[in-house]
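Questions regarding the structure given below will be posed in turn.
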Amino acid sequence: MPAMAAQQPPKKAADAPKGTGAQASAPQKKENGGLMARLRDLPQAAGIAILALLLVISLFAGNFRALQNATPKAFLRQGDVKSIVEDRIDAAQNVLTVAGRAGLSEDAIHAVREAIGDMERAKTAQAISRADQALTAAVSELTTAALSGEEERSMLRAADDFAEQGSFLRQEARAYNKQAEKAEALYEKLPTKFVLPEPDVYEGV
């Protein structure tokens, strides 16, 4: 009797995947829902309270920045103010050089030197404005003196440069004062007196 072939047990079908890729990633997407998804899950009253708090914080931060832009030393950080002040002082020094060669009044020359020193030490908008007014008055005593020839031409060039830098400085001062006016109104309304100094203004523009 012929030998019977050994029968192999039937192979089990491959286990079906427990879930599709989309189903597997669903929990991860839920975890990464972000702040807005969590806010939606909160009770309505709590969500409104959190949104109101965020609004107050952003408003306070904006007002705080506005006040920072008008603090006493903020003027020197604005635009080209620092370099303009330096150029203004250099122009006054040029006036002194011409005045010294021309043998003009020692008292007037000394007054300009004193005003230049005050200008160099000034660090706030108010202090710079007052120092510049004094410097302008002192320099004018030299630039209006009667000269002739090359000395007259040199003095006119120095005076024009000094006046031009003064014009640039006043332009910056007017822009700064607009910010300072807004900051002054905020300063009286917000509890910032213990955080920031009172806003400063540039006088005489």
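Roughly how many Å² of Arg101 are accessible to a 1.4 Å probe, to the nearest 10?
150
Same structure, new question: To the nearest 10 Å², what's Leu135's accessible area with a 1.4 Å probe?
About 0 Å², rounded to the nearest 10.
Write down the accessible area per residue of the range 124-186 in Å², having rolled a 1.4 Å probe over the full set of protein chains. Mind showing how you got there, number by number?
Details: 3360 Å² over 63 residues.
That works out to 53 Å² per residue.
At 1.4 Å probe size, with no ligands or nucleic acids counted, give the accessible surface of Asp90 in Å², nearest ten.
The value for Asp90 is about 80 Å².
Let me ask you something else. With all protein chains present and a 1.4 Å probe, how do Thr124, Thr97 order by accessible area, largest first? Working shown, then result.
Values: Thr124 35, Thr97 75 Å².
Output order, biggest surface exposure first: Thr97, Thr124.
The values are calculated or read from the model by the stated rules, or taken from the named source; none is laboratory data. Keep in mind it's a predicted model, so treat the numbers as computed, not measured. The accessibility values were calculated without ligands, DNA or RNA, using every heavy atom of the protein model including side chains. Shrake-Rupley method; radii C 1.70, N 1.55, O 1.52, S 1.80 Å.
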